[in-house]
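One structure is given below, encoded as structure tokens.
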Amino acid sequence: MLGFYVELVAIGVATGAIYAIVAIGFNLIFGVMNILNMAHGATMMVGTFGLLFVFFLGVENFWLGAVVGIVFAIITGLLVERLAVRPLKGNWWNTKVATIGAAFFLENLVTRITEGRPQPFPRPFPTRYYEIVAGIEISNVQIFLAVLSVGVMLAMVYFLRRTRLGKAVRVVAQSPDIAQCVGIDVQRITVIAFALSATLAGVAGILNAVTFGSTYPFVGQFLGLKGIVVLIVAGIGNMRGCLLIGLALGILESMSVGLGGSTYRDFVAYAGMVAILVVKPSGLFGEEGRTAKEI
């Protein structure tokens, strides 16, 4: 029985870290441009099919495919910024509708190409199980997912908090006007933020596909919604909150599936979000908003 719970926690940590990566990707764009990029989930999906494209060409190398998939995701993110975001000049509602349209376009384009069927997804190496103690086993794939997901998540938090470029992103997120006054190129930082967000999207999409062993054109809707749940519950703009809430949500979902069945997974996420927002509308850790512009 103990082994069963350990396995559920390991699955939950890996899944929760993926949710946190998705939420941090949302946060990057929301912080810099004060918009919610609804094409973020579709960008994740493109990353998974970018990897499969390499296998379709006959090159069965997971790591090369992962690099190509992430590049596909970055190109997609930059195209969304250039075609659906930049022309609207920060108009919140119009940009949100435009990115929703971009997401539908990408999902239906891939549906046309793949006929909408779920596609089996390769794993980086054959699955092996290791006994930890007293019959408790964990697979190398679970270890890989947990370590890589948490590593990417922590690396992004470090980048934003400790590096010069990351600090520039945070300055723009606080106030584009102040950023311009201190010599920061706001448009350049915006493009970099979209590229970073798309990179995270590609990584999250590929890790999620490895977890479930398949991908499909509308997988981004599921992942994107979970990322938004983490974003809202943690507090918009709060990166460290996304880390903790993502892990907590993943573990809670894993436990609910293991103990009650798959029908309880989404109930835990969305009912929990509503309950928390009733008590704390700004999220558990509070929002980190922009600096107000005085007129």
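Read the figures in this text as sums done on the coordinates, not as results from a lab. Since we're looking at a predicted model, the values are computed, not measured. Glycine gets a Cβ as well: all are built from the backbone with ideal geometry, and neighbour counts include every protein chain shown.
Fully extending the segment from Tyr158 to Asn91, taken as 0.36 nm per residue of separation minus the present Cα-Cα distance, adds 21.1 nm. The distance linking the stretch 195-232 with the stretch 69-120 is 14 Å (Cα centroid to Cα centroid, whole angstrom).
Between the Cα long axis of helix 186-212 and the first principal axis of the chain there is an angle of about 10°, rounded to the nearest 10. Between the residues Pro126, Asn140, Val54, the greatest Cα displacement towards the positive end of the dipole of the stretch 2-279, with unit charges on the Cβ of Lys, Arg, Asp and Glu, is found for Val54. When each of the peptides 92-104, 272-284 is scored by how many other beta carbons lie within 10 Å of its residues on average, the order from highest to lowest is 92-104, 272-284.
Rounded to the nearest Å, what's the spacing between the alpha carbon centres of the stretch 238-272 and the stretch 162-194? Just the number, please. Value for the Cα centre distance between the two parts: 33 Å.
With the simple spin-label model, which puts each label point 7 Å out from Cα in the Cβ direction, the Lys167 to Phe4 separation comes to 5.2 nm.
Could you size up the charge dipole of the stretch 2-279 around its Cα centre, putting +1 on the beta carbon of Lys and Arg and -1 on that of Asp and Glu, and report it in debye to the nearest 20? The partial results should precede the final answer.
Working: 17 positive and 11 negative charges, 157 e Å.
Value, rounded to 20: 760 debye.
For the listed peptides 251-259, 21-29, a ranking on the average number of other beta carbons within 10 Å per residue, highest first, reads 21-29, 251-259. Relative to the first principal axis of the alpha-carbon coordinates of the chain, what is the inclination of helix 219-234, with its axis defined by its Cα atoms, in degrees from 0 to 90 and to the nearest 10? Helix 219-234 sits roughly 70 degrees off the main axis of the chain. Helix-only arithmetic for the chain: the sum of -39500 (n - 2.57) across DSSP H runs with n ≥ 4, divided by the residue total, places the mean residue ellipticity at 222 nm at -24500 deg cm²/dmol.
Once you have the Kirkwood Rh of the stretch 2-279 from its Cα pairs, apply Stokes-Einstein at 37 °C and 0.692 mPa s and quote D in µm²/s.
Details: Rh = 19.1 Å.
Reported coefficient: 172 µm²/s.
For the chain, the longest principal axis of the C-alpha atoms and the axis of helix 62-80 are separated by about 30°. Once the C-beta distance of Asn140 and Phe105 is scaled by a Förster radius of 35 Å, the resulting FRET efficiency is 0.40 to the nearest 0.05. Report the paramagnetic label zone for Val59: residues of the stretch 174-209 whose backbone N is under 20 Å from a point 7 Å from Cα along the Cα-to-Cβ axis. Of the residues in the stretch 174-209, 199, 202-203, 206-207 have backbone N under 20 Å from the label point off Val59. Residues in the stretch 58-101, backbone N under 17 Å from the label point at Val147 (7 Å along the Cα-to-beta-carbon vector): list them, ranges by number please. In the stretch 58-101, the label zone of Val147 (backbone N under 17 Å from the point 7 Å along Cα→Cβ) covers 63. Sorting 177-184, 198-205, 78-85 by their mean Cβ neighbour count within 10 Å, with the most densely packed peptide first, gives 198-205, 78-85, 177-184. Extending 7 Å from the Cα toward the beta-carbon at both Tyr270 and Asn34 defines two label points whose distance is 3.0 nm. On the beta carbon distance between Ser262 and Cys181, with R0 = 51 Å, the FRET formula returns roughly 0.45.
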